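Data block below; observations after.
Just so you know, all these numbers are worked out from the coordinates, no wet-lab data involved. Just so it is clear, the structure is predicted and the values come from calculations on it, not from any experiment. Neighbour counts run over all protein chains shown; Cβ positions are idealised from the backbone, glycine included.
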Amino acid sequence: MPTDTSFSGAYRELEDLMTALEEADGDVYLPNAEPEGPVDYVLICMEPSLGRWAPSADDARAKVWAGFRNFLASIETAILHYCVQRYLCDATQKYHITDFSKGAMLVQRAGTKRAERYDRW
């Protein structure tokens with residue numbers, strides 16, 4: 001089967017790889033909204049956390065399956081988007097926000113083996 005070399009196809013292949021890494025780590029894969037194409041800036045956060053948006057892994061999986069995406073649903077991320085648009089990008093520039101690792105976890109566990117997790121990701 002030929003590989004889809006379009007931007008969207010390449011992004012899907014990357015998401016498949018990230019999903020496999022998350023499954024190996026035993027966390028909940030938390031995708032982002034897909035960018036429309038190449039961007040001028042990529043902002044990289046740490047790893048997504050479980051909590052307000054999903055108190056448990058099962059709840060998180062159900063919300064992701066229903067369409068929830070990271071960096072869209074909170075006042076904190078709205079402020080982040082505003083600041084990026086207002087102070088970093090000019091009117092013609094685009095950006096994408098992602099995480100260094102994509103497995104959502106409780107904050108108390110995030111520091112455990114972080115260096116090893118980041119090396120895998």
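Residues in segment 41-56 carry Karplus couplings, in order, of 9, 10, 9, 10, 8, 7, 10, x, 10, 7, x, 4, 6, 7, x, 9 Hz; the curve used is 6.51 cos²θ - 1.76 cosθ + 1.60 with θ = phi - 60°, and Gly or Pro positions show x. Placing R0 at 25 angstrom, the Cβ-Cβ distance between L14 and K113 gives a FRET efficiency of 0.60 after rounding to 0.05.
For F71, no residue has an amide H sitting under 5 Å from its own, ignoring neighbours fewer than 5 places away on the same chain, with H placed 1.01 Å from N. Proximity of backbone amide H atoms, modeled 1.01 Å from N, is registered between Y29 and A104 at under 5 Å, excluding neighbours fewer than 5 places apart on the same chain.
Phi angles of segment 104-121 translate, via the Karplus equation with coefficients 6.51, -1.76, 1.60 and θ = phi - 60°, into HN-Hα couplings of 5, 8, 5, 4, 4, 9, 4, x, 6, 6, 4, 4, 5, 5, 5, 4, 5, 6 Hz per residue; Gly and Pro are given as x. Taking amide H as placed 1.01 Å from N in the peptide plane, the amide H of C45 sits under 5 Å from that of T98, D99, F100, each at least 5 places away or on another chain. The alpha carbons of the chain occupy a box of 43, 39, 31 Å along the principal axes, longest dimension given first. Relative to the current alpha-carbon distance between E76 and C89, full extension at 0.36 nm per residue lengthens the span by 2.8 nm. Which shape class, rounded, prolate or oblate, goes with segment 1-67 when its Cα gyration tensor gives a ≥ b ≥ c as root eigenvalues, a/c under 1.5 marks rounded, and past that a/b bigger than b/c marks prolate? It is prolate, given that a/c is not under 1.5 and a/b is the larger ratio.
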